[in-house]
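Visitor: My structure is below; once you've seen it, I'll send some questions.
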Amino acid sequence: MAVIVHRKAVTTTRSAVYLFLIRIFTINMRFVGFAIAVAIYLSAAAIMVPAQAVVPRFEPSDCPVPVPETEKNAQCGYVVVPENRGIKNRKTIRLPIIILKTLSAHAKPDPVLRTFGGPGSSSLRMIRSRGSSPWLRNRDQIIFEQRGTRFAQPALECPEVDKSNIDSVIRHLSSKATRANELQAAKTCHDRLIASGIDVGSYNSRESAADIEDVRRVLKLDKLNLYGVSYSSRLMLEVMRDFPAGIRSAVLESTLAPEVNYDEAGVDAIVGSLNVLFASCKADADCATTYPELEKEFYASVARLNKEPIVENVQDPGSTNATDVYLDGNDLVTWIVDYLLSQDGSAIADTPLVIHDIFSGRYDAFRRSASNKLGPGGSSWGMRYSFWCSEELPFESLKKIDAQSTKFAGLQGYKVMALPDICSVWTVPHAKTIENKPVTSDIPAMVVTADYDAYTPPAWGTGVATHLKNSFVVQIPWAGHGPSFTTPCLRDMIADFLDDPAPKPQSDCVEKTRKQFKFAIRKA
């Protein structure tokens with residue numbers, strides 16, 4: 001049963017204690033008597049501190065998202081932490097966590113803590129992940145919602161940005177005008193959040209890593225196993241550096257390496273992924289025979305569509321009207337690497353066929369992507385901007401960023417992220433230099449990469465592993481960004497690693513996946 005202590009009662013009781021001390025001090029001026037009086041006061045004061053004033057703390061609550069039937073024993077609540085640990089203003093934020101309980105009667109004492117990437121993506125949809133989380137067979141899983149994301153309090157949501165981007169699509173604005181609109185929307189959101197009392201500069205990896213340590217402390221756990229994907233793998237590296245004593249092992253999947261300046265290498269990564277596709281097709285006899293000019297066909301399609309976009313009529317989700325949506329060559333690049341090369345092996349296997357169809361003027365598959373341009377971005381933009389403007393852009397060269405958009409003849413003007421203009425209005429303190437350095441650690445780590453990862457290429461994960469003394473790398477073929485979502489045997493391999501992180505798990509997963517798929521060929 002909760003004990004509620006009212007502020008007035010606390011004040012009254014404290015006054016009584018003061019009078020009690022004075023009387024004791026008056027009666028006995030000797031040191032021993034005073035020391036006893038002080039001890040009594042400190043004990044009384046400790047009793048009087050309301051539970052609500054303790055930070056960090058855990059507050060049980062209803063789950064902020066619907067709970068599947070399979071998770072009726074899930075435990076939900078909020079971890080209350082300081083917004084800015086460098087300021088003693090006691091301002092706090094509330095971060096939801098969901099604990100999925102193992103069904104084992106012999107649960108391991110060290111749960112797995114998972115969170116999504118983005119940065120800015122909500123993690124709570126993983127509440128439906130029991131079927132794809134074999135480590136739940138013997139240990140709990142903590143789903144952690146990062147500060148600033150959708151269900152955190154506060155959430156750094158920017159509906160202004162989503163509205164601006166959709167409005168630009170509906171009005172068929174140029175890329176320059178679209179960017180100007182987004183810039184103004186970002187400024188409006190930034191100013192609104194600041195006016196509401198939110199310290200947007202506190203939504204960064206350093207504070208988020210401390211949040212994870214506070215989760216461990218308030219749940220009274222000796223050790224955690226960390227599991228991060230994409231941006232959250234970078235966050236887990238931060239935890240490993242700052243709070244190593246509380247970490248048993250780490251799974252780092254599709255790793256965003258802190259030492260890589262993303263905007264200076266983002267288009268390189270996309271071209272690298274496409275080159276893997278083209279080379280793999282050439283190495284496959286059937287694919288090479290059927291699509292001998294695959295690379296040329298792809299870049300010819302990009303150039304043609306940038307000159308003459310196709311138009312798809314799409315239902316506007318904000319009204320009863322339909323809207324003409326233009327799909328150009330840059331949209332094609334994003335769709336290929338995001339909606340095909342980041343899916344399962346069967347989608348990757350279809351990619352040469354899809355590219356050939358588009359080159360031949362058959363756009364059916366590509367047209368289905370038009371509706372994506374009228375949907376929300378899926379991220380808490382404010383959290384995304386705060387991270388990028390603090391931890392990425394300050395260490396990047398604007399000259400190198402600009403060079404990315406002109407480096408490849410077939411992708412002139414194509415950009416990935418690149419937020420220097422957004423960061424001109426999203427003002428946050430720059431991170432310390434250590435945030436741009438490799439993390440060294442002897443914590444056992446499994447580093448997972450994928451052949452077709454266009455956003456965190458395999459070389460980034462391999463580079464991270466060179467600084468982790470007790471790590472090994474697993475590279476999954478026929479998979480793109482976040483390969484565990486599409487490769488069941490990899491999830492089993494991860495569960496084996498979490499059971500015993502010392503040796504590399506013995507598994508045929510890589511070879512099994514390699515043999516499982518073959519490029520799709522249209523029959524004559």
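The values are calculated or read from the model by the stated rules, or taken from the named source; none is laboratory data. Computed from a predicted structure; not experimentally measured. For neighbour counting, all protein chains shown are included, and Cβ atoms are generated from backbone atoms with ideal geometry for every residue, glycine included. Accessible surface areas use protein heavy atoms only, side chains included; no ligands, DNA or RNA. Shrake-Rupley method; radii C 1.70, N 1.55, O 1.52, S 1.80 Å.
Visitor: By how many degrees, between 0 and 90 and to the nearest 10, does the Cα long axis of helix 205-218 differ from the longest principal axis of the chain?
Guide: 50
Visitor: Sticking with this structure for a sec: Can you figure out the FRET efficiency of Lys176 with Val311, using R₀ = 25 Å and their beta-carbon distance, to the nearest 0.05?
Guide: Details: r = 21 Å, r/R0 = 0.83.
In this case the efficiency is close to 0.75.
Visitor: Using alpha-carbon pairs under 8 Å, 6+ residues apart, how would you state the relative contact order of the chain in percent?
Guide: 16
Visitor: Also, quick follow-up: Holding the Cα-Cα limit at 19 Å, pick out from Lys101/Lys223; Lys282/Lys512; Lys163/Lys400 the pairs that are longer than that.
Guide: Lys282/Lys512; Lys163/Lys400
Visitor: Using alpha-carbon pairs under 8 Å, 6+ residues apart, how would you state the relative contact order of the range 104-186 in percent?
Guide: Reported relative contact order: 26 percent.
Visitor: If you average the sequence gap of Cα pairs under 8 Å that are 6 or more apart and divide by the length of the range 154-214, what percent do you get for the contact order?
Guide: Normalised by residue count, the contact order of the range 154-214 is 34 percent.
Visitor: Let me ask something additional. Keeping all protein chains in place, calculate the accessible area per residue for the chain (probe 1.4 angstrom), answer in Å².
Guide: Solvent-accessible surface per residue comes out at 46 Å².
Visitor: Another question about this same structure. Order of 368-374, 439-445 by packing, highest average Cβ count within 10 Å first?
Guide: The most tightly packed comes first, giving 439-445, 368-374.
Visitor: First check a/c for the range 409-486, with a ≥ b ≥ c the square roots of the eigenvalues of its C-alpha gyration tensor; if it is under 1.5, answer rounded, and if not, answer prolate when a/b is larger than b/c or oblate otherwise.
Guide: Oblate, because a/c is 1.5 or more while a/b does not exceed b/c.
Visitor: While we're looking at this one, here's another question. Could you tell me which of rounded, prolate or oblate describes the range 123-170, using a ≥ b ≥ c as the square roots of the eigenvalues of the alpha-carbon gyration tensor, with rounded for a/c under 1.5 and, failing that, prolate when a/b is larger than b/c and oblate otherwise?
Guide: oblate
Visitor: Please turn the phi angles of the range 60-73 into ³J(HN,Hα) values with the Karplus equation 6.51 cos²θ - 1.76 cosθ + 1.60 (θ = phi - 60°), one per residue in order, whole Hz, x for glycine and proline.
Guide: x, 7, 5, 6, x, 10, x, 9, x, 4, 6, 10, 5, 9
Visitor: Let a ≥ b ≥ c be the square roots of the eigenvalues of the Cα gyration tensor of the range 246-402; is it rounded (a/c under 1.5), or, if not, prolate (a/b larger than b/c) or oblate? Mind dumping the intermediate values first?
Guide: Working: a/c = 1.79, a/b = 1.21, b/c = 1.48.
In terms of gyration-tensor shape, oblate.
Visitor: Further question on the same structure: Among (i) 1.06; (ii) 1.12; (iii) 1.26, find the value of Cα Rg over 2.2 N^0.38 Å that was calculated from the structure presented, and write down its label.
Guide: (ii)
Visitor: Calculate how steeply helix 231-242 sits against the longest principal axis of the alpha-carbon atoms of the chain, using the helix alpha-carbon long axis, and give the answer as 0 to 90 degrees to the nearest 10.
Guide: 40
Visitor: Over the chain, with every protein chain in place, what whole percent of the accessible area is carbon and sulfur at 1.4 Å, could you tell me?
Guide: Values: 13630 of 24260 Å².
Accessible surface attributable to carbon and sulfur in the chain totals 56 percent.
Visitor: A further question follows. Report, by chain and number, residues whose modeled amide H sits under 5 Å from the one on Ile247, excluding near sequence neighbours (fewer than 5 apart, same chain).
Guide: Leu224
Visitor: Let me see the P(r) profile for the range 46-189: every Cα-Cα distance counted, bins of 5 Å, each bin given as a percent of all pairs.
Guide: Reading upward from the zero bin: 2, 9, 14, 15, 14, 13, 11, 9, 7, 4, 2, 1, 0.
Visitor: Rounded to whole Hz and in sequence order, give me ³J(HN,Hα) for the range 147-152 from the Karplus expression 6.51 cos²θ - 1.76 cosθ + 1.60, θ = phi - 60°, writing x for Gly and Pro.
Guide: With coefficients 6.51, -1.76 and 1.60, one gets 4, x, 8, 3, 9, 6 Hz.
Visitor: To the nearest 10 degrees, how steeply does helix 7-27 sit against the main Cα axis of the chain, on a 0 to 90 scale?
Guide: Approximately 40 degrees, to the nearest 10.
Visitor: Which order do peptides 61-67, 156-162, 210-216 fall in by mean Cβ count within 10 Å, highest first?
Guide: The peptides rank, most packed first, as 210-216, 156-162, 61-67.
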